[in-house]
Every structure is written in C-alpha cells, then in structure tokens.
Amino acid sequence: MDRSSPHREGLPTSSSSKAERRWRSKSLNTSKPSIVMAFFSCIAWLYVAGRLWQDAENRNLLANLLKKNADQRPVVLTVEDKLMVLGCKDLERRIVEAEMELTLAKSKGYLKNQLQQSGSYSGKRLLAVIGVYTGFGSRLKRNVFRGSWMPKGDALRKLEERGVVIRFVIGRSANRGDSLDRNIDEENRRTKDFLILEGHEEAQEELPKKAKFFFSTAIQNWDADFYVKVDDNIDLDLEGLIELLESRRHQDSAYIGCMKSGDVITEEGKAWYEPEWWKFGDEKSYFRHAGGSFFILSKNLAQYININSLSLKTYAHDDISVGSWMIGLQATYIDDSHLCCSSSRQGKQFKTR
C-alpha cells in the first residue's frame, strides 16, 4: 500500500527548505568579501598605475633637463669647473692679462703723460738724473751742496738744458703731514730741487726700499740714459761725472760703481749687521756689487727695477739689495775707481766729506 498521497507530495518538506536557506546564506556570505577584495584591488591598481605614470613623467623631465645642460657643463664638475662657474678663473685671467699689458707698456716707455706732468721733461733724452739722498735733519748739508758743487736757481735750470737733472731725494714722515713734511714742502717751494717719494717712509730701517722708490719715480718723471744714486756725504766733481757718463752714453745694461765684496756680518748689534746672513752661503761673503755711496744704472736696468719693484727682495743695505737685483740680469759690471771714495782724477775728486 502506497502511503504517499498527492497532497503529501505537493508540500515541501522541512528538510529541503532548511537546505535551501543554508545555500542562500552561504552564497551571500562568500560574495561580500569578494566584492570588498575587488574594490581594494581596483584602488591598489589605480594607485600603482598613478605612481608609475608620475615616475615616468619625472624620468622624462629629468632626462630633458640633463639633455639641455649636457652642452653647458659636465655632469661631474672639477675644482677648475667650479671656479669657472663662480667667475674666479675668468677674473684671474683678466688680471694676469692686464698685468702683462701694463708691463709691456712700461717696457716700451709709454709714460708720456707722467713725464709731461713732472714739469722738468723737455721732450728730449737727458744724459742723467742724479738723486742725492737726504733726510729731514740734513738741511745744513743741503745748503752747503747748493753753494758748492750743486747749482741752484737759474743755474740748475741751465744744467737741465744740458741734459742733467739733480734732485734731493727724500720720502715722507711716518706721521704724514707733520712739521717734518711741511718743512720739506716749504723748502721745495723755494728751491724746487726735491724729488719727494710720496710712497716711501723716510726712516733708517726703510733705506733699502728707498732705492726702489727712487729709480721707479725717477724713470717715470725723466727719460735719461743714466740714473745716479749719491749719498749726501759726497763732494761730487760734477763736470768729471758728466764726462764719465758721456763716454758711456751708448753702453746698455751698464752697472757702474766702485765694485766690491766682503764678509757678511752675522753678529746682531754690530755695524752693517745682515739679519738674513744665512742666505749668503757657508762662506758668508757678499756677491760683487757697487758700493752704496755712489753708483750708476743705465736706463734699461732702472726700468727693470720700476717694472718689478713690487717683487724685488731687499736686504739690510741698499747697495746689497741693488746688487742682488743685478745678478739675474745681463748687466755689464763696470768697476770705475773714479767712483770710489777718496780717489783722484786729474786733480778732481769724488770723495766722502
């Protein structure tokens, strides 16, 4: 007997309904995490894509900048390249070029404006410029000279017409504009026979530097064949000196004087002490040089001092300093006994007082 009935077959059973509900619940529970994961995956993909696009843009911009600057400077700059960028190297080059041009101009004698300003240059070549070293306390000596071998007033002007200029050479006081300077300026206004070295301080310890200032200033003010340095303790035979210079007039690179050498004084406190004695070798002997009281340089040697004055080394004594400058040149050493102290020539003398 079949216990089933049509009515029984048409009704769902409780077990099948429960199974269906479980399936639907399970489907809903599994679909939510998938959607969330898909959403975050999409966001991550958009973020990565954006970063890749931004990096590509940055790389493209950087590549363009490097390409643009490749022709302007190297990627890795050396020290010299950095100096070039800062302008230092270019400035240094211009300074060197300017110094070379100035040196060349001086060597060719382009000093016309300075010569005209001196008021003593007549446009013709002089025989000699004689500089008599003097000091603030030597006024009586100067007056004696003006009354003996040194012309004064109109006679001094006439001597310049013959081609010989004589000037007392002096620097400035350590206290610029004090009574010492004012007295010299007043004396010069009356006598007009001074060569005042504006850049030189008149002091015993500065005497070696005075030679550089004298020769540089003299050659800038007068165009002469010879430049003569004389101490203010010399009784000068002027006509004998002019005759001597005339006989040597066409001799270039002439270094004329009473040539000597001698021991270097190494003991501090003694006369003629040389602080840099150790530079003169184990024998401690000076090189051959013209004695400091009276010596003569031809124009090209004086011009060398003028051009290189800033770099020339000075020692404790001016004659040693000048002698050291001549060593490296093609100078012609002329040892003339007439220029030695207490020497005689036909009854005329160059001697110390």
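The values are calculated or read from the model by the stated rules, or taken from the named source; none is laboratory data. Keep in mind that what you see is a predicted model, and the values were worked out from it rather than measured. Don't worry about glycine lacking a Cβ; one is built from the backbone with ideal geometry, like all the others, and counts go over all protein chains shown. With ligands, DNA and RNA removed, areas are computed over all heavy atoms of the protein, side chains included. Shrake-Rupley method; radii C 1.70, N 1.55, O 1.52, S 1.80 Å.
In region 230-254, which residues are of a type outside the set (Asp, Glu) and open to solvent by less than 30 Å² (accessible area, probe 1.4 Å)? Passing the criteria: VAL230, ILE234, LEU236, LEU238, GLY240, LEU241, ILE242, LEU244, LEU245, SER253, ALA254. Can you tell me which residue within region 201-229, out of those that are in contact with a strand residue (DSSP E or B) (Cβ under 9 Å, 6 or more places away or on another chain) and surrounded by fewer than 20 Cβ atoms within 10 Å (Cβ to Cβ), is farthest from ILE320 (Cα to Cα)? Of everything passing the filter in region 201-229, ASP223 is farthest from ILE320 (Cα to Cα). Note down all Cβ pairs under 9 Å where the first residue falls in region 169-191 and is surrounded by 10 or more Cβ atoms within 10 Å (Cβ to Cβ), the second is among the aromatic types (Phe, Trp, Tyr) and assigned to a helix (DSSP H, G or I), and they're at least six residues apart or on different chains. Matching pairs, first to second residue: VAL169/PHE213; VAL169/PHE214; GLY171/PHE213. Number of residues in region 255-305 that are crowded, with 20+ Cβ neighbours inside 10 Å, under 18 Å from ASP231 (Cβ atoms) and aromatic (Phe, Trp, Tyr): the value is 3.
Of the residues that sit in region 324-336 and are more than 21 Å from ALA224 (Cα to Cα) and modelled with pLDDT of 90 or more, which one is farthest from the chain's Cα centre (by Cα)? Result: ASP335. Would it be correct to say that ILE166 is open to solvent by less than 30 Å² (accessible area, probe 1.4 Å), farther than 21 Å from ASP154 by Cα and of a type in the set (A, V, I, L, M)? No, not satisfied.
Can you spot a residue in region 111-131 that is open to solvent by 60 Å² or more (accessible area, probe 1.4 Å), under 22 Å from LYS210 (Cα atoms) and modelled with pLDDT of 50 or more? Checking region 111-131: not a single residue is open to solvent by 60 Å² or more (accessible area, probe 1.4 Å), under 22 Å from LYS210 (Cα atoms) and modelled with pLDDT of 50 or more. Only a single criterion out of (1) at pLDDT 85 or above; (2) more than 28 Å from LYS141 (Cβ to Cβ) is not satisfied by THR314, namely (2). Is at least one residue of region 133-155 modelled with pLDDT under 95, among the acidic types (Asp, Glu) and open to solvent by less than 40 Å² (accessible area, probe 1.4 Å)? Taking every residue of region 133-155 in turn, none turns out to be modelled with pLDDT under 95, among the acidic types (Asp, Glu) and open to solvent by less than 40 Å² (accessible area, probe 1.4 Å).
Could you tell me which of the residues GLU186, GLU205, GLU198 is outside any loop (DSSP other than H, G, I, E, B), at pLDDT below 90 and more than 17 Å from ILE166 (Cα to Cα)? Lay out the reasoning, then the answer.
Details: GLU186 fails: at pLDDT below 90; GLU198 fails: at pLDDT below 90.
Of GLU186, GLU205, GLU198, the one residue that is outside any loop (DSSP other than H, G, I, E, B), at pLDDT below 90 and more than 17 Å from ILE166 (Cα to Cα) is GLU205.
What is the number of the single condition among (1) among the aromatic types (Phe, Trp, Tyr); (2) in a helix (DSSP H, G or I); (3) closer than 30 Å to LYS124 by Cα that TRP278 does not meet? The number of the failed condition is (3). The residues in region 289-317 that are of a type outside the set (A, V, I, L, M), over 22 Å from ILE234 (Cα atoms) and not in a helix (DSSP H, G or I) can be counted, and the count is 3.
Taking first residues from region 285-297 that are within 18 Å of VAL169 (Cα to Cα) and of a type in the set (A, V, I, L, M, F, W, C) and partners that are assigned to a strand (DSSP E or B) and open to solvent by 30 Å² or more (accessible area, probe 1.4 Å), the Cβ contacts under 9 Å between residues at least 6 apart in sequence or on separate chains come to PHE294/CYS258; PHE295/CYS258.
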